[in-house]
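Chemist: Quick one: the structure is below, questions incoming.
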Amino acid sequence: MRRLTSLVFFAAGIVSAADIKVVANPSVRVAQMSTDELKRIFLATDTSVEGGHVEPVFEKGGATHEAFLKQYLGKTDAALSIYYRSLVFTGKAFMPKMLGSDADVLDYVAKTKGAIGYVNAAASTPGTKEIAVR
Amino acid sequence: MDKRKNAIALVALACAVPAALHAQFLIEGRPVQIHGFASQGFAYSSDNNYLTMNTSAGSFKFTDGGVNISSPVTDKLRVGAQIYIRSIGTLGQWHPELDWAVADYKFKDWFGVRAGKVKTTLGLYNDTQDLEFLHTWAILPQSLYPLDLRAVTISHLGGDIYGEIPVNKRLGSLSYTAYAGRQFDDKYGGFRDVSLQQGRSRAGGTGWIAGVDLRWNSPVPGLTVGGSWLHESAVSGGMVLARGTPYTFTKEDQTAVFYGDYMRGNLHLTGEYSRNPRTFRFAGVPGLQLLRQKGLAWSTSVAYRVSKHLELGTYHSRFIADANKDWSALSNHIYDQTVTARVDIDRHWNFKAEGHFIDGYGSINSAHGFYLAQNPHGYQPKTNMLVLRAGFNF
């Protein structure tokens, strides 16, 4: 039922935090993290978790992406773009991976050590592990 | 003219080639990214000529661009460099410069080290002041980020330590940057023109700087407040033109900046205040041995993103050349009220239209946009200016 509800809202372009799944490569050493920890990883402030390197993976756009930014990072897509460009063009960070779909994110996360991404909760996530966000 | 054409071709090539190469590739299994930007502006003013351009006749001499390359060599070590070039009126004159070139090693998330030519963290925008695509405005508040002085404030040859320390969920986190290094004079910047209009040429000087920036990422979503402090100790000199004799001077300069930035949804508010007392000691300049000034500057801004493609905003900016003198004198202040519309065509292209309503023109020592070289018959009290600027980045 939850999956059906998610699909209906996704089709309507309305996605809430409950409809987002945070996924990680199995090499990532935690199974849960706080919203603050997740925010610091996706804003490139933290580059390691429990001593292991982590790499944030974004979607390029779409309802899941917008909901993730709003819920966990408190930024719009335009603000996120400016944030990362300000780091990249001052030599303070590397531009993160931005992929076109849930499938692309899942494929990259499954294959890349330390990668952490987010997908719609309805997506099946073989080869990755889900991270519970407290 | 050939030099200009060559520079334009170089910037265009630098932008086009990496874009064609998709901006990221692998070397020895490690990703390498290339990014770049370029902008072209047009400025038309009602009266005074501003920012070393012939703006009263309309000027397209408002071009800049840059390209950078960077790579994470290991999970903790990142290297990169950026070349920057500009021609804004008589500023820059198409001389490419190494904007930054750093090796950055992050020991822990709360402690990292950068070394090389490093962008100087001071206030909200010092390190991003020449990246127009990051800002709502076609021209940043010139009280705080004068285009004339960009090259002498933008970066230092030395090192930073930096990090972010989470305090707790209720108190947010603290970001810090502390740095020291050398800064170099700009042969193609505003101090050159300030010296010339006082009858002196200027040879390149150098100085030591040390500074710190501390910002509190508050638990209120989107609210950051902070402060920066910088000390500069510099030596320079040149020739007294009428006599053909050399002169030297030293400068002791301290800058303190306090700022706040609030971004919530589509709304963006900022406020920034800076004070800058400085002391110059001259040798070899007739009638001038000691010059003390206390510069003040502040600005506030409001911007609202109306849609994905349109952002509207306004800022008010005030510069006092010397707070120890009469603030109301036109020759001691520059006040600027602006209105801006920014159109984001896509992620790579933007266009801005901006109106400036400027009162005053600052002092002969200001290096804040108004020079006798472009205004040989003196200044009018007010300057209204339209700025159009198109930018590209990848």
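The values are calculated or read from the model by the stated rules, or taken from the named source; none is laboratory data. Because the structure is a prediction, the values reported are computed rather than measured. Every residue, glycine as well, gets a Cβ built from its backbone with ideal geometry; the counts of neighbours run over all protein chains shown. The area values use the complete protein model at the heavy-atom level, side chains included, leaving out ligands, DNA and RNA. Shrake-Rupley method; radii C 1.70, N 1.55, O 1.52, S 1.80 Å.
Chemist: Could you tell me whether A:E50 is within 28 Å of B:R30 (Cα to Cα), open to solvent by 20 Å² or more (accessible area, probe 1.4 Å) and free of Cβ contacts under 8 Å to residues at least 24 places away in the same chain? Let's see the steps before the verdict.
Modeler: Working: within 28 Å of B:R30 (Cα to Cα): yes; open to solvent by 20 Å² or more (accessible area, probe 1.4 Å): yes; free of Cβ contacts under 8 Å to residues at least 24 places away in the same chain: yes.
Criteria met by A:E50.
Chemist: State whether one or more residues within segment B:138-159 are on the phi > 0 side of the Ramachandran plot and open to solvent by 30 Å² or more (accessible area, probe 1.4 Å).
Modeler: Among the residues of segment B:138-159, not one is on the phi > 0 side of the Ramachandran plot and open to solvent by 30 Å² or more (accessible area, probe 1.4 Å), which makes the answer no.
Chemist: Could you say whether any residue in segment B:88-102 is within 9 Å of chain A (Cβ to nearest Cβ), surrounded by fewer than 22 Cβ atoms within 10 Å (Cβ to Cβ), at pLDDT below 95 and in a strand (DSSP E or B)?
Modeler: No; the residues of segment B:88-102 include none that is within 9 Å of chain A (Cβ to nearest Cβ), surrounded by fewer than 22 Cβ atoms within 10 Å (Cβ to Cβ), at pLDDT below 95 and in a strand (DSSP E or B).
Chemist: Only one residue in A:A93, A:A67 is out of contact with any Gly (no Cβ under 7 Å at 6 or more places or on another chain) and either open to solvent by 30 Å² or more (accessible area, probe 1.4 Å) or within 11 Å of chain B (Cβ to nearest Cβ) (or both). Which one?
Modeler: Values: A:A67 fails: either open to solvent by 30 Å² or more (accessible area, probe 1.4 Å) or within 11 Å of chain B (Cβ to nearest Cβ) (or both).
Result: A:A93 is the single residue among A:A93, A:A67 that is out of contact with any Gly (no Cβ under 7 Å at 6 or more places or on another chain) and either open to solvent by 30 Å² or more (accessible area, probe 1.4 Å) or within 11 Å of chain B (Cβ to nearest Cβ) (or both).
Chemist: Run A:D104 past the list (1) open to solvent by 40 Å² or more (accessible area, probe 1.4 Å); (2) part of a helix (DSSP H, G or I); (3) at the interface with another protein chain (Cβ under 9 Å from one of its Cβ atoms) and report the number of the one that doesn't hold.
Modeler: (3) is the only condition that A:D104 fails.
Chemist: So, in segment B:121-164, how many residues would count as being over 8 Å from the mean Cα position of the chain (by Cα) and outside any loop (DSSP other than H, G, I, E, B)?
Modeler: Looking only at that region, the number is 15.
Chemist: Taking segment A:113-127 only, how many residues are farther than 24 Å from B:A103 by Cβ and either among the basic types (K, R) or open to solvent by 30 Å² or more (accessible area, probe 1.4 Å) (or both)? Outline the logic, then answer.
Modeler: Residues of segment A:113-127 farther than 24 Å from B:A103 by Cβ: A:115-127.
After this cut, where a residue has to be either among the basic types (K, R) or open to solvent by 30 Å² or more (accessible area, probe 1.4 Å) (or both) as well, the list is A:124, A:126-127.
Qualifying residue count, segment A:113-127: 3.
Chemist: Among the residues of segment B:277-289, is there at least one that is free of Cβ contacts under 8 Å to residues at least 12 places away in the same chain, surrounded by fewer than 19 Cβ atoms within 10 Å (Cβ to Cβ) and touching a strand residue (DSSP E or B) at 6+ places or on another chain (Cβ under 6 Å)?
Modeler: Filtering segment B:277-289 down to residues free of Cβ contacts under 8 Å to residues at least 12 places away in the same chain leaves B:287-289.
Of the ones still in play, those that are also surrounded by fewer than 19 Cβ atoms within 10 Å (Cβ to Cβ) are B:287-289.
From the residues that got through so far, the ones that are touching a strand residue (DSSP E or B) at 6+ places or on another chain (Cβ under 6 Å) too are B:288-289.
Yes, that holds for at least one residue.
Chemist: Name, by its number, the condition in (1) closer than 30 Å to B:T340 by Cβ; (2) within 14 Å of chain A (Cβ to nearest Cβ) that does not hold for B:L149.
Modeler: All conditions pass for B:L149, except number (2).
Chemist: Looking at segment B:35-44, which of the residues that are among the hydrophobic types (A, V, I, L, M, F, W, C) and surrounded by 21 or more Cβ atoms within 10 Å (Cβ to Cβ) is nearest to the other protein chains (Cβ to nearest Cβ)? Give the steps one after another, and end with the answer.
Modeler: Pass one, segment B:35-44, residues among the hydrophobic types (A, V, I, L, M, F, W, C): B:37-38, B:42-43.
Subset that is surrounded by 21 or more Cβ atoms within 10 Å (Cβ to Cβ): B:37-38, B:43.
Values: B:F37: 7, B:A38: 12, B:A43: 24 Å.
Among those that are among the hydrophobic types (A, V, I, L, M, F, W, C) and surrounded by 21 or more Cβ atoms within 10 Å (Cβ to Cβ), it is B:F37.
Chemist: Consider B:F133 against the criteria (1) under 18 Å from B:F184 (Cα atoms); (2) modelled with pLDDT of 95 or more; (3) not aliphatic (A, V, I, L, M): it satisfies all of them except one. Which criterion is unmet?
Modeler: Every condition holds for B:F133 apart from (1).
Chemist: Kindly evaluate B:D127 against the criterion of being farther than 16 Å from A:L87 by Cβ, facing chain A (nearest Cβ under 8 Å) and open to solvent by 10 Å² or more (accessible area, probe 1.4 Å). Even if it seems obvious, please write down each step before you answer.
Modeler: On the way: farther than 16 Å from A:L87 by Cβ: no; facing chain A (nearest Cβ under 8 Å): yes; open to solvent by 10 Å² or more (accessible area, probe 1.4 Å): yes.
For B:D127, the condition - farther than 16 Å from A:L87 by Cβ, facing chain A (nearest Cβ under 8 Å) and open to solvent by 10 Å² or more (accessible area, probe 1.4 Å) - is not met.
Chemist: Also, quick follow-up: When B:D75 is evaluated against the numbered criteria (1) open to solvent by 50 Å² or more (accessible area, probe 1.4 Å); (2) within 7 Å of chain A (Cβ to nearest Cβ); (3) within 22 Å of B:Y176 (Cβ to Cβ), which criterion, by number, is the only one it fails?
Modeler: (3)
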